[in-house]
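Q: Dropping a structure here in structure tokens format, bear with me for questions.
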Amino acid sequence: MDIRFVTQPFADGEDLRDFLDGVAADNDLMTLRVAVAWAKRSGLARIESGIRTLRDRGGRLLVVVGISEGGGTRQGMEWLMRLADEVYVFHDSGRTFHPKVYLASGERTAMLLVGSQNLTLGGLAWNYEAALVCELDLAVPEDSALHSQVIDYFERLRADESVCLELDDERLRALLADPALQIKDEDDRRPRGDGAALAEELEDVEGASDEMERAAAAIFGRSREPKRAVPQPVSGTAKASPGSSAGSTAASPSPSGGSATPSAPAAGRRWFKRMDGTAAQKPPSPASKPTGNLRLSQEDFAIDHTRYFRQVFFGGEVWTARASDPRFEDLTVPMTVVVDGVALGTVDVKVSHAEHRISDQGNVPTVLHWGAKVGQVLRQGNYVGSTVTLEHSAGGQYRLTIGNNPTGPFSF
């Protein structure tokens, strides 16, 4: 038996995706059993390819998933029904179903992960998680005994038929209709309180309130540890259905009547929003002055906008505390700017982040400054209802495009 301790999200660490990639790559492993508290589309969309590799060679996936504490989602259960051979929902009222056990079995070997990782994007790669991974040689009596104990655990769960129900379309409808169950919708991004809630795709929350999260943001600083990049969903967007193509499902509604700006480079990250009068520098009141800014908000995407732009989209850049007020951080990056198909060239664009805005009022903490050149174009024209797209290519180049449509689907 080989046992190792794995941690995430450190750049030099391992995470759940490595374990599942290893299962997909090992042709001896034919059965994957999973027992987790939560499973969401955000995680399943990113392991679809590996699961299909397992099943294409005749392998099987069995999942026992919980729905306690509001952690279950409609999309998570729909994805499980499509990807797995057997899915069971476990719910014992008054208790929390909270295991995180992954067992891949073959004729000669097995792999076991027991830790803190749910089948969510947070559990897969984003959150701080830890686990033990055991590589078992089933010819060794001690390894075989452990393997049998874990299988017995799964069978014991399934045998408790009153609280462990096999999932199908009819049962899912019944679960969603039961008002006593808190099953969420990952497409429901309505803000809670004064600001947008933490995105479901990036957060495995167990009873933590937005107020507690905001207070923590004011108390703690930022980690100095480099982190691994978050894996992309196989379909190109976390909102796609299993097996769909990246272009078949838009991440949010977009204006009609135009096409995406041609010749846009492939984006490693892409975010966009439809501009209202404030963003387009056409304030609704004649007495109001243009802000000069674009608020980098959550929109319809599965991001925590209070962290995403500072730590992910522009995370690799050098931020500098403002001398006049150290609560503000600024950076300037060169961006290729295209407005309505007309290239404005490379423009130095300033981005600012103010952490205190989160704790004070839950506001959008990160803004992009249009600057003189782009701001003049916006003020002279009328781009209300147009879409602004920000892209950060895998090669490190930035691009800002304003047009009728986004240049492509959202990409984390």
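Q: Express the relative contact order of the range 269-403 as a whole percentage, based on alpha carbon pairs under 8 Å and six or more residues apart in sequence.
A: Contact order relative to length: 33 percent.
Q: Additional query: Can you compute 3J(HN,Hα) from phi for each residue in the range 146-151, using the Karplus curve 6.51 cos²θ - 1.76 cosθ + 1.60 with θ = phi - 60°, rounded to whole Hz and x for Gly and Pro?
A: Karplus-based 3J(HN,Hα) across the range 146-151 equals 5, 4, 5, 4, 5, 4 Hz.
Q: Continuing with the same structure: Find the eigenvalues of the gyration tensor of the Cα atoms of the range 115-188, then list the square roots of 5 times those eigenvalues as equivalent ellipsoid semi-axes, largest first, in whole angstrom.
A: Rounded to whole Å, the semi-axes are 32, 21, 9.
Q: Still on this structure: For the range 41-139, what is the charge dipole size about the Cα centre, in debye to the nearest 20, if Lys and Arg each add +1 at the Cβ and Asp and Glu each add -1 at the Cβ?
A: It works out to roughly 260 debye.
Q: What does the charge count around ASP143 come to, taking other residues whose C-beta lies under 10 Å from its C-beta (Lys +1, Arg +1, Asp -1, Glu -1)?
A: Neighbour charge sum, excluding ASP143 itself: -4.
Q: Apply the Karplus curve 6.51 cos²θ - 1.76 cosθ + 1.60, θ = phi - 60°, to the phi angles in the range 74-85 and return the couplings in whole Hz, x for Gly and Pro.
A: Coupling constants for the range 74-85: 4, 5, x, 6, 5, 5, 4, 4, 7, 8, 9, 7 Hz.
Q: Where does the charge balance sit around GLU86 when Lys and Arg score +1, Asp and Glu -1, over other residues with C-beta under 10 Å from its C-beta?
A: Residues close to GLU86 contribute a combined charge of +1.
Q: What number comes out for the charge environment of ALA180, summing +1 per Lys or Arg and -1 per Asp or Glu over other residues with Cβ under 14 Å away?
A: Result for the local shell: -3.
Q: Now for a separate question. Along each principal axis of its Cα atoms, how long is the range 2-177 end to end? Whole angstroms, biggest number first, please.
A: 47, 36, 33
Q: May I ask you to evaluate 6.51 cos²θ - 1.76 cosθ + 1.60, the Karplus curve with θ = phi - 60°, for each residue of the range 96-105 and list the ³J(HN,Hα) values in order in whole Hz, giving x for glycine and proline?
A: 9, 7, 9, x, 9, 10, 10, 10, 10, 10
Q: Enter the per residue convex hull volume of the range 292-412, computed from alpha-carbon coordinates, in Å³ rounded to the nearest integer.
A: 121
Q: Further, regarding this structure: How large is the charge dipole for the range 269-403, taken about the Cα centre, if only the Cβ atoms of Lys, Arg (+1) and Asp, Glu (-1) carry charge, to the nearest 20 debye?
A: My answer is approximately 240 debye.
Q: Which value, in nm² and rounded to one decimal, describes the direction-averaged projected area of the C-alpha convex hull of the range 1-97?
A: Hull-based average projected area comes out at 7.5 nm².
Q: Below 8 Å, C-alpha to C-alpha, sequence gap of six or more: please give me the relative contact order for the range 2-177 in percent.
A: Averaging sequence separation for qualifying contacts and normalising by length gives 28 percent for the range 2-177.
Here, each number is a calculation from the coordinates, and none is a lab measurement. Just so you know, these numbers come straight off a predicted model, no measurement behind them. No Cβ is skipped: glycine too gets one built from the backbone with ideal geometry, and neighbour counts run over all protein chains shown.
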